[in-house]
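Notes follow the structure.
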Amino acid sequence: MERIKLGNNGTEISKMGLGTWAIGGGPAWNGDLDKTVCVDTIHRAVELGINLIDTAPGYNFGKSEKIVGEALEGLNREDVVVETKFGLVWDWKGTPFNKVGDRQLYRNLSPDSIKAEMRASLQRLGTDHVDIYMSHWQSLEPYYTPIAETMKTLMDLKEQGVIRAIGAANVTADDVKEYLSYGELDIIQAKYNLLDRNAEKELFELCRSNGIVLQVYSPLEQGLLTGGFKKGYVPTGARANKKWWQPGNLDRVVDMLDGWKPLCAKYNCSLSTLSLAWVVKQADFISVLSGCTSPSQVDENVGALNIELSQEDADKMRSDADALGM
């Protein structure tokens, strides 16, 4: 599988990574999944050449990290680039973020909180280092921590060898510039798909000009672009308040996807694979996170890297999405 250079430490990451938010289960996903299937999913991803596994403490309060840790026991640790995050806590004070079930998450990017999170993540993952350590959401008042303080802590951890690369998720262009002014930023994570292309406005050029990898999450709009949902579907859990899952919007997306069936026949692929291929085509600095919950989903999604989507077809898909009134 094609890989992208990450920073200056010699690490390379696959053009597709495995996202494990759904694998963590919990209230956001209406319950837990079979753990054996989850571990098998991670192992299948690595077998097919995906070397980046993304997780976070905030994914069901450490459950996702624990499952990733169990999967790592059956793998060569140096073959896997483990990415986890910090900044969303439930056992420290902080700026309220949201509730998952009956438990409150808070934003806290202070040095002490970061160090405590790192210790807990290493224990759950069963490893002595994290390859990529990423701020999950950015700091806000009243528990605001300047990026300068956060970056000093991260650069110290990097010097100690506890982390190998630094990332930041859900950032603005100004955030990225500030991170860069205080240290090394190797990768940023942003939502990006055919229905949500805000990252193109400022983040694309920043990544291109600064050698930063853009790691795309939700490339299928939490599953909507798979074509697996019918008109009238009522979203629950993490999808319940999302724009394109609302009545009317979802119906129009379903009609658009029906119109892409000839493209699926042309490329001999599914709608999800077609949508992923579109994302991959947009820039050579993109690594797309694929949130799979079974080995068969990994097999399907990896196929996107083998599709040579023509510019004409990519433009048609963009135009069709624009027609929805984005």
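The 1.4 Å probe gives accessible areas that order 99, 231, 316, 63, largest first, as 99, 231, 316, 63. Think of segment 25-112 as a dipole: +1 on every Lys or Arg Cβ, -1 on every Asp or Glu Cβ, centred on the Cα centre; then among 29, 105, 42, 105 lies furthest on the positive end.
Sort 320, 315 by heavy-atom solvent-accessible area, probe 1.4 angstrom, most to least.
Working: 320 45, 315 80 Å².
Descending accessible area places them as 315, 320.
Relative to one another, the C-alpha centroids of segment 103-120 and segment 125-151 are positioned 8 Å apart. Over the chain, accessible surface divided per residue gives 43 Å², non-protein components excluded, 1.4 Å probe. Normalised by the number of residues in the chain, the average gap of Cα pairs under 8 Å and 6 or more apart makes the relative contact order 18 percent. Among beta bridges from DSSP that stay inside segment 91-190, the antiparallel ones total about 35%. Above 22 Å, the calculated P(r) of segment 1-135 contains 37 percent of its Cα-Cα pairs. Within the chain, what is the longest stretch that has no GluC sites (Glu not before Pro) placed in a DSSP loop and near at most 11 other beta-carbon atoms within 10 Å? By the stated rule (loop sites, at most 11 other Cβ atoms within 10 Å), 74-307. Of 124, 103, 208, which is the most mobile in a GNM of the chain whose springs link Cα atoms less than 10 angstrom apart? Maximum among the listed residues: 103.
Inter-label distance, residue 156 to residue 91: 2.1 nm, where each label sits 7 Å from its Cα along the C-beta direction.
Here segment 241-278 is scanned for amide nitrogen atoms under 11 Å from the site 7 Å beyond the Cα of residue 231 along Cα-to-Cβ, giving 248, 251-256.
Available extension along the chain between residue 315 and residue 37 is 96.4 nm, counting 0.36 nm per residue and deducting the alpha carbon span.
Give, rounded to the nearest 20 debye, the magnitude of the charge dipole that the chain has about its Cα centre when Lys and Arg contribute +1 at Cβ and Asp and Glu contribute -1 at Cβ. Write down the numbers at each step before the final one.
Values: 35 positive and 45 negative charges, 145 e Å.
Using Cβ point charges on Lys, Arg, Asp and Glu, the chain gives about 700 debye.
For segment 1-153, what % of the accessible area comes from carbon and sulfur atoms, probe 1.4 Å?
Ligands and nucleic acids excluded, carbon and sulfur reach 48 percent.
Compute the Cα gyration tensor for segment 187-280, then decide on rounded, prolate or oblate, letting a ≥ b ≥ c be the square roots of its eigenvalues: rounded whenever a/c is under 1.5, prolate when a/b is larger than b/c in the other cases, and oblate in all that remain. Taking the square roots of the gyration eigenvalues as a ≥ b ≥ c, segment 187-280 is oblate.
Pairs of Cα atoms nearer than 8 Å and 6+ residues apart set the relative contact order; for segment 214-258 it is 35 percent.
For segment 261-320, just run the numbers: alpha carbon Rg, then divide by 2.2 N^0.38 Å, N being how many residues it has. Each step should come with its number before you reach the end.
Details: Rg = 11.4 Å, N = 60, 2.2 N^0.38 = 10.4 Å.
With N residues counted in segment 261-320, Rg over 2.2 N^0.38 Å equals 1.09.
Provide, in order from the shortest bin, the percent of all Cα-Cα pairs of segment 62-148 in each 5 Å bin, continuing until the bin that contains the maximum pair distance. The distribution over segment 62-148 is 3, 14, 24, 22, 17, 11, 7, 2, 0, given as percents.
The distance separating the Cα centre of segment 43-64 from that of segment 179-203 comes to 21 Å.
First check a/c for segment 130-257, with a ≥ b ≥ c the square roots of the eigenvalues of its C-alpha gyration tensor; if it is under 1.5, answer rounded, and if not, answer prolate when a/b is larger than b/c or oblate otherwise.
Numbers: a/c = 2.54, a/b = 2.23, b/c = 1.14.
Because a/c hits 1.5 or more and a/b exceeds b/c, segment 130-257 counts as prolate.
The values are calculated or read from the model by the stated rules, or taken from the named source; none is laboratory data. Since this is a predicted model, take the numbers as computed values, not measurements. A quick note on method: Cβ atoms are made from the backbone with ideal geometry, for glycine too, and the neighbour counts reach across all protein chains shown. For accessibility, only protein heavy atoms count, side chains too; no ligands or nucleic acids. Shrake-Rupley method; radii C 1.70, N 1.55, O 1.52, S 1.80 Å.
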